[in-house]
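Enquirer: Next up is a structure, given as structure tokens.
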Amino acid sequence: MKNVVIFGAPGAGKGTQSDKIIAKYGFKHFSTGDILRKQIAEGTELGKTAKKFMDEGKLVTDDLIINMIDNELEAVKDASGVIFDGFPRTYAQAEALKVLLNKRGTDVSVMLNIHVDDEELIARLINRGKTSGRSDDNLETIQKRLVTYKEQTTPVIDFYKKEGSCVDINGVGELDTIFADICKAIDSSK
Ligand code: AMP
């Protein structure tokens, strides 16, 4: 079983590249953002709490996320591979994911660290906001999300560097060139 963490700032192309990975490898998609948006649409207590953080460009607290993913992992346990998209987003979440995967006899195979400069990220997210219908794809919230990413999420890179599974990917250029680099990293992972 391959467990792929697709990592990068908001707008780095994680969702787009995840779709291509799913089409090629048949992996299951595990997106904490999608799970949270579903909770919001269903009007659950978790959704109501999460929405406040999301609309401010802040992270939902680690305890809520970690509790939520333990249940959600059950749904993907028989997959040939899983893509973790938008998770882990803090060092504590990366540690928790390792514990939860080890408990199931598996571990992260590769972490794809997609690099895109800030100017390009903002342009992409503003553009996405025209059609995504997402309440957090506006300039003010985008800027907050980028600060949150730098302050709270980039330490995740150190976690996977120490684990030896971090592979840097240039996320600017032709979609297919980026995807070819991603496939190379997945194919040569354990
Ligand atoms: P995304 O769809 O991955 O861009 O996530 C949208 C928003 O959901 C983020 O800005 C956070 O507020 C929240 N979120 C998604 N995943 C996580 C996570 N792993 N930890 C904390 N908050 C998250």
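The values are calculated or read from the model by the stated rules, or taken from the named source; none is laboratory data. The structure presented is a predicted model; accordingly, all values stated were derived computationally and were not measured. Using ideal geometry, Cβ is built from the backbone for each residue, glycine included, and neighbour counts are taken over all protein chains shown. Ligands, DNA and RNA are stripped out before the accessible areas are found, and what is left, the full protein with its side chains, is counted by its heavy atoms. Shrake-Rupley method; radii C 1.70, N 1.55, O 1.52, S 1.80 Å.
Enquirer: Between Asn127 and Leu139, 0.36 nm times their residue separation minus their Cα-Cα distance comes to what?
Expert: Computed gain between Asn127 and Leu139 is 3.3 nm.
Enquirer: Accessible area per residue, 1.4 Å probe, Å², for region 109-190: what's the number?
Expert: 56
Enquirer: Moving on. Full extension from Lys190 to Asp78: what is 0.36 nm times the residue separation minus their Cα-Cα distance, to one decimal in nm?
Expert: 38.5 nm
Enquirer: Of Thr32, Ala79, Leu101, whose Cα points farthest to the positive end of the dipole of the chain (charges on the beta-carbon: +1 Lys, Arg; -1 Asp, Glu; origin at the Cα centre)?
Expert: Value computed over the given set: Ala79.
Enquirer: Let me ask another. Tell me, what % of the accessible area of the chain is carbon and sulfur with a 1.4 angstrom probe?
Expert: 52
Enquirer: For region 2-187, evaluate the Debye formula with one uniform point scatterer on each Cα (no solvent term) and list log10 I(q)/I(0) at q = 0.13 Å⁻¹, rounded to two decimals.
Expert: -0.65
Enquirer: Which part of region 4-38 falls in the paramagnetic zone of Lys150, meaning amide N under 18 Å from the point 7 Å along Cα-to-beta-carbon?
Expert: The answer is 8-12, whose backbone nitrogens lie closer than 18 Å to the label point.
Enquirer: Using alpha-carbon positions, what is the distance between the centroids of region 74-119 and region 1-68, in Å?
Expert: Here the two parts' Cα centres lie 11 Å apart.
Enquirer: While we're on this one: For the pairs Lys48/Lys161; Lys51/Lys190; Lys20/Lys162; Lys24/Lys161; Lys20/Lys58, note any where the Cα-Cα span goes beyond 32 Å.
Expert: Correct reply: Lys48/Lys161; Lys51/Lys190.
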